[in-house]
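One structure is given below, encoded as structure tokens.
The values are calculated or read from the model by the stated rules, or taken from the named source; none is laboratory data. Every value quoted in this text rests on a predicted model; they were computed, and no experiment measured them. When we count neighbours, we look across all protein chains shown, and the Cβ atoms used for this are built from the backbone with ideal geometry, even at glycine. Ligands, DNA and RNA are stripped out before the accessible areas are found, and what is left, the full protein with its side chains, is counted by its heavy atoms. Shrake-Rupley method; radii C 1.70, N 1.55, O 1.52, S 1.80 Å.
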Amino acid sequence: MAVTYQTSFDTVAGTISFENEALFLKGEDGYKLVWDDSMIFPELSSSDQVRVDIIQAERGAILDRNGKVLAGKGTASSVGIVPGKLQDKNDVIQKLAELLEMEPDEIEAKLSEQWVKEDSFVPVKTISRNIAQEAFLEIPGVMITEVEVREYPLKEAATHLIGYVQNVTAEDLEEHEGEGYTVNSIIGKSGLEGLFEKELKGQDGCRILIVDDEGSEKEELACTLVQNGQAIHLTIDAGLQSSLYEQFQEDKGCSVAIQPDTGEVLALVSTPSYDNNEFILGLSDERWAALNEDENQPLYNRFRQVWCPGSTLKPVVAAIGLESCTVDPAEDYGSEGLSWQKDASWGSYYVTTLHEYAPVNLENALIYSDNIYFAKAALKIGA
């Protein structure tokens, strides 16, 4: 007896639905199903397999106002081992661990994973292409291949602004459940990489196929098209960003350049800084500790902090005073201590400052950010 049935279910590549037929034979103890692999999918035979192919979405680039890449595709070198070519496993692991600044146990763990075969290339660590590779290639069984990585051409000059990506963690997968992340995904961790993660990420494509015993495609069961991430265009000028960083890289502070006619931010720098490419290639414990323990706090993003902006108006007051000829830059206004008021009409209000100095002229008032000097200058200028 033939029975027709309808099957429909959801998959990572969309809904699969089909009509099929099952055969039952009647025996002394009732009907029994005549099993056939085609009952799973109509085109599936006993020698076939169902395969799921993931098509990785390309992460969108971050570009400056002129189209220069601030974050995009780059290449690095993947150092790995082919187990079948090892002559002295322990010696190779020890030498490679020293060169890569790793623990031998870390390399041993990678070689012990279930998927590893004698002819497998087992990636151990990704390094910059600028690092000399001769020492690695002299070790029997060690190979180097080129891999695609996220790259930040401006390095320290734009680290705090652009941020960086890293491989997803178990916590990331839990927090972003249902958003298309897998154990192989990367995710923006800081800066604009994190802020625009949704736009930059894109959506992976997926195909579910039936393939024969030689791996050739027989039928596509479901498919979702890949959607590459969007490119993010900034108002930042890469040249100006680099110039600001070069001038202030040794100072603890932040610098910003703004187009006054439009309010567009042309450069945004925090110093001192670090190279965000290091997070892509992987930091050693020693390097991570050095960054965290550095008294200059290169990891600290100073332009995201709250600063009192009042003193930025002092040069404006000075410029107005000079232009209107109401302020003589050489005139000594005299020391008033750390607090001052014009007269008793001000009641309990006093202008205060932090430093005493001499002479109390315009240059020194700017150097010491003297509130009392500029209060007097404002009174001289008038409404």
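Computed from label points 7 Å out along Cα-Cβ, the spacing between Y368 and D294 is 3.5 nm.
Between N228 and Y349, the simple spin-label model (points 7 angstrom out along Cα→Cβ) gives 6.1 nm. Of the GluC sites (Glu not before Pro) found in segment 69-139, the ones in coil according to DSSP and having at most 14 other Cβ atoms within 10 Å of their Cβ are E101, E113, E118, E138.
Got the relative contact order for segment 88-186 handy, in percent, Cα pairs under 8 Å and 6 or more residues apart? Relative contact order comes out at 17 percent. Applying 1/(1 + (r/R0)^6) with R0 = 35 Å to the Cβ-Cβ distance of E43 and T182 gives a FRET efficiency near 0.80. Apply 1/(1 + (r/R0)^6) to the Cβ-Cβ distance of E356 and E264, taking R0 = 56 Å, and write down the FRET efficiency to the nearest 0.05. Once the sixth-power term is evaluated, E becomes 0.85. Could you tell me which of rounded, prolate or oblate describes segment 97-183, using a ≥ b ≥ c as the square roots of the eigenvalues of the alpha-carbon gyration tensor, with rounded for a/c under 1.5 and, failing that, prolate when a/b is larger than b/c and oblate otherwise? Oblate.
When DSSP beta bridges are restricted to pairs lying wholly in the chain, around 95% turn out antiparallel. The C-alpha atoms of the chain define a longest principal axis, and helix 89-100 lies at about 30 degrees to it. Taking all protein chains into account, the per residue accessible area for the chain stands at 61 Å² (1.4 Å probe). Hey, of (1) 208; (2) 172; (3) 275, which did the structure itself give for volume of the Cα convex hull per residue in Å³ when calculated? Calculated volume of the Cα convex hull per residue in Å³: the matching label is (3). Model label points for E138 and S8, set 7 angstrom from Cα along the Cα-to-Cβ axis, are 6.7 nm apart.
In percent, rounded to a whole number, the relative contact order of the chain is 15, using alpha-carbon pairs under 8 Å and six or more apart.
Mind checking the angle between helix 371-381 and the chain's longest principal axis? C-alpha axes, 0 to 90 degrees, to the nearest 10. Around 60 degrees separate the two axes.
Based on alpha carbons, the Rg and Dmax found for segment 211-326 are 24.5, 92 Å.
For segment 280-318, the residues whose amide N sits under 18 Å from a probe point set 7 Å from the Cα of K380 along the beta carbon direction are 313-318. Peptides 21-33, 148-160 ordered by packing proxy, namely the average of other Cβ atoms within 10 Å per residue, highest first: 148-160, 21-33. One Cα centroid belongs to segment 1-75, the other to segment 185-233; the line between them spans 16 Å. By accessible area, using a 1.4 Å probe on protein heavy atoms only, the chain has 49% of its surface on carbon and sulfur. The sum of -39500 (n - 2.57) across all DSSP H runs of n ≥ 4, divided by the residue count of the chain, sets its helix-only mean residue ellipticity at 222 nm to -6500 deg cm²/dmol. With R₀ set to 30 Å, the beta-carbon distance separating S120 from E220 gives a calculated FRET efficiency near 0.55. Holding the Cα-Cα limit at 22 Å, pick out from K73/K252; K314/K380; K110/K201; K110/K189; K110/K155; K32/K218 the pairs that are longer than that. The pairs that break the limit, which is 22 Å between Cα atoms, are K73/K252; K110/K201; K110/K189; K110/K155; K32/K218. Can you tell me which aspartates and glutamates have their Cα less than 19 Å from the Cα of K26? Leave out same-chain residues fewer than eight positions away. Reachable aspartates and glutamates: D36.
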